[in-house]
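The values are calculated or read from the model by the stated rules, or taken from the named source; none is laboratory data. Because the structure is predicted, anything quoted here is derived from the model rather than measured. Because the Cβ atoms are built from the backbone with ideal geometry, glycine has one as well, and the counts that use them run over all protein chains shown. These accessible areas exclude ligands, DNA and RNA; they are computed on the full protein's heavy atoms, side chains included. Shrake-Rupley method; radii C 1.70, N 1.55, O 1.52, S 1.80 Å.
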Amino acid sequence: MRKKIVAGNWKMNKTLQEAEALVKEIISGCADEDTVTKVLFPPFVFIQDLASLTKEKKGISIGAQNCYHLESGAYTGEVSANAIASVGGTHVIVGHSERRMYFNESHEELRQKIELIFKNNLTPIYCVGEKLNERKSNNYFHAVKKQIEEVIFHFSEAQMKKCVLAYEPVWAIGTGETATPEQAQEMHSFIRLAVAEKFGQAVASEISILYGGSCNAGNAKELFACADVDGGLIGGASLKAGEFLSIIKSF
Ligand code: PEP
């Protein structure tokens with residue numbers, strides 16, 4: 001059975017005090033018996049404090065929004081996968097479209113990041129998604145296939161079983177424009193097929209593929225009802241406990 005996952009990408013928001021209050025509210029609003037894996041992605045500096053809050057609660061953990069593509073050394077301002085693991089982080093987002101766009105992350109770097117994430121026993125959430133012009137010109141399958149082939153096709157079957165993918169159409173991120181359930185399902189099943197062709201059906205059936213892009217309490221239910229959508233990577237709507245908890249309960 002594939003894992004159902006709801007991940008909250010807080011981006012560059014919240015102070016420590018606000019972050020702690022939000023995590024406490026989310027913890028107290030999650031039923032112990034729910035089967036959804038919850039991962040919250042605060043700014044790096046809050047990971048350790050928040051991980052100590054989630055430690056005792058089943059099914060909820062803290063991750064990082066990024067890591068550096070090299071192991072350690074003289075890279076002022078960067079954070080390694082090893083450092084994230086040492087403060088209790090469990091997951092790392094890789095290849096978010098904002099990082100591809102503002103920091104020009106290359107596929108080679110993204111591959112190196114995932115390698116180090118695996119090496120440190122963390123789980124990567126690798127993001128793919130087409131830009132608006134690629135959607136409009138009907139090039140969206142090609143764009144996403146390239147992002148998959150050039151990054152995750154380099155890993156082994158065993159590693160791929162531990163990877164999470166997120167389909168995030170760039171035109172839907174932070175815009176209020178969500179992919180329709182049909183558009184999401186079409187791309188998720190395309191991604192799963194690509195994984196099956198490369199790594200086999202067993203890996204494809206096991207890998208969780210999340211949808212991201214203006215997913216909120218109002219549309220999560222119909223998106224999560226799609227056969228190949230295994231949860232969501234949530235930006236704006238993860239910043240308020242009530243809305244995020246409603247999304248978790250949308251399965
Ligand atoms: C994201 O940044 O991954 C995201 C999906 O953002 P939003 O939900 O705000 O569109």
State yes or no: is residue 135 over 19 Å from the mean Cα position of the chain (by Cα) and either part of a helix (DSSP H, G or I) or in contact (Cβ under 8 Å) with a residue 24 or more places away in the chain (or both)? yes
Pairs with Cβ under 7 Å, 6+ apart, first in the stretch 35-47 and closer than 17 Å to residue 245 by Cα and open to solvent by less than 10 Å² (accessible area, probe 1.4 Å), second part of a helix (DSSP H, G or I) and among the small types (Gly, Ala, Ser): 42/19
Helices (runs of 4 or more DSSP H) completely within the stretch 146-251 that count 2 or more residues being at pLDDT 95 or above and buried (at least 19 other Cβ atoms within 10 Å of the Cβ): 181-199, 201-206, 220-224, 241-248
Return the pair list, or none, for Cβ contacts closer than 6 Å from residues in the stretch 58-76 that are in a loop (DSSP other than H, G, I, E, B) and modelled with pLDDT of 95 or more to residues that are open to solvent by 50 Å² or more (accessible area, probe 1.4 Å) and among the polar types (S, T, N, Q), at least 6 apart or on different chains. 69/112
Anything in the stretch 1-27 that is outside any helix (DSSP H, G or I) and not charged (D, E, K, R)? List them, or say none. 1, 5, 6, 7, 8, 9, 10, 12, 13, 15
